[in-house]
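Peer 1: Just passing along the structure, written as structure tokens.
All of the numbers you see were taken from the coordinates with simple rules; none came from a lab. None of these values were measured; they are calculated from a predicted model. Positions of Cβ are generated from backbone atoms using ideal geometry, with glycine treated the same way; all protein chains shown enter the neighbour counts.
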Amino acid sequence: MTVLLALLLQTPPRAGGPPSPGPVATPPIYGYIPIVIFFLIAVLLPVVLLGVSRLVQRQVFEREKLMPYECGVDPIGDARDRFSVRFYIVAMLFLVFDVETIFLFPWAVIYDRLAVFGLVEMLLFIGILVVGYYYAWQKGALEWA
Amino acid sequence: MQTDFQTIATQAMQFIMPEGILTLFACAALVLDVMLPRDRKRFVAWVSLLGVGLAFASLWILYTSIVSKGTPRTAFFDMIVLDSYAVVFKSIFLIGAALSILLSIKYLEIEGEQRGEYYGLILFSVIGMMFMASSVDLLALFISLELMAVSVYILVGYFRRDKKSNEASMKYFLLGAFSSGVLLYGISMVYGLTGSTNLAKIAAALPIVASANFNPFGAAAPPDMRYLLLMSMILMAAGMFFKVAAVPFHMWAPDAYEGAPTSITAFMSVGVKAASFAMFGRLFLYGLPDLRGSLAGDPASGIPSLPGWALLLGIVSAITIVWGNLGALTQNNTKRLLAYSSISHAGYVLLGLIAGNQTGYTGFVIYLFIYTIMNLGVFGCIIALRRRGIVGDRMEDLNGLMKKAPGLTVMMTIFLLSLGGIPPTAGFIGKFYLFAGLIETGNPWLVRLAILAVLMSVVSLYYYIRFIRAMYIEGETEPQPVTLAPSLRVALVAAAILVIYIGVFPQRLIDLTQKAATSPGLKTYSYQQGATKPAEPATPPPARGMPGERDRQTATPPR
């Protein structure tokens, strides 16, 4: 703990200090003090906001006030409802093809330099995805009912 | 001029040919699963087995044409290395996968869960394991570890309707994900300290970072980076301890092993363990060799010297051996018992890393090889007990097996004695090398560790012999006959023959594993008056005769 703190809070060497052995311009280890300050503010802010409002608030509880907020209308049913597992399957499939798109973009940008090799590599990648797609399709993951 | 991409296409691709073949067959298993009618799913198993066989053949071609002819070759921007260490471990995984597939065919039919995904997932996890053995880059290691782990999480929960299986999968997944996070944290700190994810570059940067006077920025009061380095080492070790189920991090193992389908318990107790040890060896022997002994301090300025990973591993392996063996004593569920036994075996394998000499490394590799075969054999025998209405994982299910299935009983006895380390079987050879490695160092503490390990393997005989007592002495408790499916019979007979063959003629396997233990980059150490000092990089020992003679000659005996 003290070692970490010492690491974070060290001051950079002064201009007249001992000469540094290498051509290191701005050592990255000294840049953490703003982060420490930021971290402290991040912790303090919610504590202060909640604490002050707790101190000055008028504590009147009534039924309307304790009701969960649901866009202003009266809530229907419990919030802890069971979702159909299909939502998760769709979400997972989305994730897979989303990643594919992310891979395709940088590939397309430097496609002229990758040439045939890049084409083959991307075809391999998409080929594996197509196998998974075919599998999911045949298993009925794309049908809702 | 050749571009990088041309190099990859023309040369590097052949280095990952076995993995490529397996990928093809894993995809084929998925596609076949949806194409075949329900009663033909068994075909997928044979296709996957063919894939494993072809991968093995291509690995053999790689070995004879490239690896056995000289220096290891790297590919994919130094991410993959093809050396004998990788080849031996890859063959362990392939043998393990082939035996597991053979064990599964009939078992899944009885359970009514014969599906292609099962074999596809096994192949995918083997691909991950094979990359774990040959990666020399932290990122490649981590990604292949996850490929293996995610496939195995699914396989553990493969019996969807079985609550126990689901629970096991959930526990394994949560703890596995947590341990991956810990490992990744250590990896990120090592990267921050050394500036590279390549293990060779990390090893080269370590002596500088680990020195007590490391001061790259010319600070007036230089920070002592050794603490951070040690912390990242401990985090990486903790992540790996989780994966190999060493003691402070072994909690998931009995539950996951008990709940998983028995064939998967067999597969994960050998495959996942061997792969994690392969990665453990790569990380610690190739990446952090200088953190092994103590990190020298500077007495003049009052900077203390710090212990390295040999001490950590020593303590953990001692606790693991004791705890695993004591935990197994009272179990009545055979799968749970074997889970504890596999925990203690993880402790034994760690001894090879601690010894740090040629014999120790040979023992490390040879023991994992032998353990794969004998443990799959024991689990195969337990799978054979699964009949209609009988799960076969209680100790009583073994009662009177000698009268029902004498052949099976004899094979089970061979595997159990081998696990206990009784001489004519292969397990003895493995344990011999592990313990001999420790004793050769001459360090009094390591010799004590070896004595503890020997004592605890005597304790382990108690619970292995409980199996034997149930099979030979106890009377039958249920009349249902035991029949062996042909595929299971082939796997068990092959494993039993291998266990006996290696036990009687170990020289071929020793030669092979010694090559793995002498790959360049692997550092050996000799002990001088209890202090660790790195010796010269390993040179191949004479082809015949006991290894490590060089170490014995140079090491001075303790006082």
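Peer 1: Using the structure shown, select from B:403/B:431; B:163/B:404; B:273/B:431; B:243/B:515; B:201/B:431 the pairs with a Cα to Cα distance greater than 24 angstrom.
Peer 2: Listed pairs above 24 Å: B:403/B:431; B:163/B:404; B:243/B:515; B:201/B:431.
Peer 1: Let me ask another. Could you tally the net charge around residue B:516, taking each other residue with its Cβ under 14 Å from the Cβ of residue B:516, Lys/Arg +1 and Asp/Glu -1?
Peer 2: +2
Peer 1: Can you sort B:27, B:381 by how many other beta carbons sit within 10 Å, fewest first?
Peer 2: Lowest to highest Cβ neighbour count: B:27, B:381.
Peer 1: Could you give me D for chain B, from Stokes-Einstein at 10 °C and 1.306 mPa s, where the hydrodynamic radius is the Kirkwood radius over C-alpha pairs? Units µm² s⁻¹, please.
Peer 2: 66
Peer 1: Taking Cα atoms, how many degrees apart are the long axis of helix B:163-194 and the longest axis of chain B, rounded to 10 and kept between 0 and 90?
Peer 2: Result, in degrees: 10.
Peer 1: Can you tell which of B:328, B:266, B:455 lies farthest toward the positive end of the dipole of the protein assembly as shown, using +1 and -1 charges on the Cβ of basic and acidic side chains (Lys, Arg; Asp, Glu)?
Peer 2: Comparing the listed Cα positions along the dipole, B:455 ranks first.
Peer 1: 222 nm [θ] for chain B, helices only, -39500 (n - 2.57) per DSSP H run of 4+, per residue, to 500?
Peer 2: Rounded to the nearest 500, the figure is -22000 deg cm²/dmol.
Peer 1: Looking only at other chains, what is the average number of their beta-carbon atoms within 10 angstrom of each beta-carbon in A:131-140?
Peer 2: That average works out to 4.
Peer 1: Sorted by average packing, counted as other Cβ atoms within 10 angstrom per residue and highest first, what order do B:86-92, B:47-53 take?
Peer 2: With the highest mean Cβ count within 10 Å placed first, the list reads B:86-92, B:47-53.
Peer 1: Separate question: Whole number please: convex hull volume per residue, Cα atoms of the protein assembly as shown, in Å³.
Peer 2: Considering the Cα atoms of the protein assembly as shown, their hull volume per residue is 234 Å³.
Peer 1: Something else now. In nanometres, what is the gap between the two model label sites at residue B:143 and residue A:38, each 7 Å from Cα along Cα-to-Cβ?
Peer 2: 2.9
Peer 1: Could you list A:90, A:73 so that the one with the fewest beta carbons within 10 Å of its beta carbon is first and the one with the most is last?
Peer 2: So the residues, fewest neighbours to most, are A:73, A:90.
Peer 1: In what order do B:402, A:67 fall by count of nearby beta-carbon atoms within 10 Å, going from fewest to most?
Peer 2: Lowest to highest Cβ neighbour count: A:67, B:402.
Peer 1: Pop out the ³J(HN,Hα) list for region B:303-318 in order, Karplus 6.51 cos²θ - 1.76 cosθ + 1.60 with θ = phi - 60°, rounded to Hz; leave Gly and Pro as x.
Peer 2: Values, residue by residue: 8, x, 8, 10, x, x, 6, 4, 5, 4, 5, x, 5, 4, 5, 4 Hz.
Peer 1: How high is the FRET efficiency between residue A:111 and residue B:8 when r is their beta carbon distance and R₀ equals 22 Å, given to the nearest 0.05?
Peer 2: Computed FRET efficiency for residue A:111 and residue B:8: 0.85.
Peer 1: Still on this structure, I have one more. Remind me, relative contact order of region B:53-120 in percent, using alpha carbon pairs under 8 angstrom and six or more residues apart?
Peer 2: 25
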